[in-house]
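Enquirer: Let me give you the structure first, and then I'll get to my questions.
The values are calculated or read from the model by the stated rules, or taken from the named source; none is laboratory data. Only a predicted model underlies this, so the values are computations on that prediction, with no experimental measurement involved. In this analysis, Cβ positions are derived from the backbone assuming ideal geometry, glycine residues included, and neighbour counts consider all displayed protein chains.
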Amino acid sequence: MIEDSAAGKKTGLIRRGYAWMMEKAQGKHALWALAAFAFAEASFFPIPPDVMLLPMMLADRKRAFRLAAWCALWSVIGGLFGYAIGALAWEAIGKPIAAAFHFNVEPYRVLYAANAYWIAIQGLTPIPFKLVTISAGLANVPLLAFVLFACLARSVRFIVIEGLLVHFFGAQAQAILDKYMEAALIVFLVAVVVGIVLVTVVM
């Protein structure tokens, strides 16, 4: 009974957190909060902007594509800050961020220096985008190429993939989240962990 009670409290906390996020997603400062989230995640913050973008799109599916484009824009702007960290402040800022994620930048630095298009490919994966942007700056990828591939990656992820999913399957997604909130959170967290494992083990 005690275990059931503890599980119930955790479940209630998750659902209250989701309800709070859905409420804030419709607030007057929601757009700027999303912008801050997207900017920060692309340069130093650990939590991806999807956790705010998706509730906002589900709360107002008619604006799903505009919200996704707004998120992509600020993710690219934040990516420029991450690029600057790698190019200009690696020792002071970039290295501690990489260490926090147990991230070895050298394979990525070599990869991006040889083929900048990998920025677009890896920007679609669960790999934290800040690690992509910082590595690109450290590799001295040409700025124009970085912006091009960062725009492509974030546009495809937020606008094409998530925007289309919410636009066409938003009602079903909302129903699934309402019914399987805890399982959805676990799947999301597993995806993030897999991304970090790919960074630390595969490369």
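Enquirer: Of the conditions (1) at pLDDT below 90; (2) farther than 24 Å from V156 by Cβ, A89 satisfies every one except a single condition; which number is it?
Expert: Every condition holds for A89 apart from (1).
Enquirer: Can you pull out every residue in the range 24-44 that is at pLDDT 65 or above and in a helix (DSSP H, G or I)?
Expert: A30, L31, W32, A33, L34, A35, A36, F37, A38, F39, A40, E41
Enquirer: Just need a number here: residues in the range 45-76 that are crowded, with 17+ Cβ neighbours inside 10 Å and part of a helix (DSSP H, G or I).
Expert: Adding up the residues that qualify gives 21.
Enquirer: Let me ask something else about it. So, in the range 130-156, of the ones that are under 18 Å from G94 (Cα atoms) and within 16 Å of the chain's Cα centre (by Cα), which residue ends up modelled with the lowest pLDDT?
Expert: My answer is L131.
Enquirer: Only one residue in A113, A145 is farther than 20 Å from W74 by Cα and either of a type in the set (G, A, S) or touching a strand residue (DSSP E or B) at 6+ places or on another chain (Cβ under 6 Å) (or both). Which one?
Expert: When all the criteria are applied, what remains is A113.
Enquirer: Follow-up question, since we're still on this one. For the subset of the range 74-115 comprising residues that are more than 20 Å from the chain's Cα centre (by Cα) and among the small types (G, A, S), which member is farthest from A150 (Cα to Cα)?
Expert: That would be A92.
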